[in-house]
Amino acid sequence: MKIKKGDEVIVITGKYKGAKGKVLESRPTESRVVVAGVNRTKRHIKPTQDKPGHIKDVEGAIHVSNVALLDPKTKKATRVGYKLDGARKVRIAKKSGMEI
């Protein structure tokens, strides 16, 4: 997967189209990512002896094909490319060529 935890992304399709956020979690086996502020749902937590019950607001996962990486230079959607920088492989933004 080309999108990793900590990346700034924009949602390109679906209910949250246009929303920007940081990737909180990456799930490569499911091809899904969790983005801050996107796909929020309510979870009802049962009370226990220690804690009272409450309703928790959490982000749900969305498919990685529905998000695009934000270019660090222009802050617009871009694709991810790779190049060799000496002995290491680095990710670059296709639009500006800047390292991510």
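Miscellaneous remarks
- In percent, rounded to a whole number, the relative contact order of the chain is 21, using alpha-carbon pairs under 8 Å and six or more apart.
- Packing-based order for 18-28, 59-69, 85-95, using average beta carbon neighbours within 10 Å, highest first: 59-69, 18-28, 85-95
- Debye, to nearest 20: dipole size of the chain, +1 on Lys, Arg Cβ, -1 on Asp, Glu Cβ: 220
- Placing a label point 7 Å from the Cα of I12 along the Cα-to-Cβ direction, the residues of the stretch 69-83 whose backbone N falls under 11 Å from that point are 69-70, 77-80.
- Once the Cα-Cα distance is subtracted from the 0.36 nm per residue extended length, the K89 to R27 segment shows a gain of 20.2 nm.
- Legend: distances between Cα atoms for K22/K83; K15/K73; K73/K95; K2/K76; K15/K76; pairs beyond 21 Å are K22/K83; K15/K73.
- Extent along principal axes [Cα atoms of the stretch 1-95; Å; largest to smallest]: 58, 31, 22
- Once the chain from H44 to S65 is taken as fully extended at 0.36 nm per residue, the excess over their C-alpha distance is 4.6 nm.
The numbers here are math on the coordinates, done by the rules we state, and not lab data. Being a predicted model, the structure only gives us computed values, none of them experimental. Here Cβ is always computed from backbone atoms with ideal geometry, including for glycine, and neighbour counts include all displayed protein chains.
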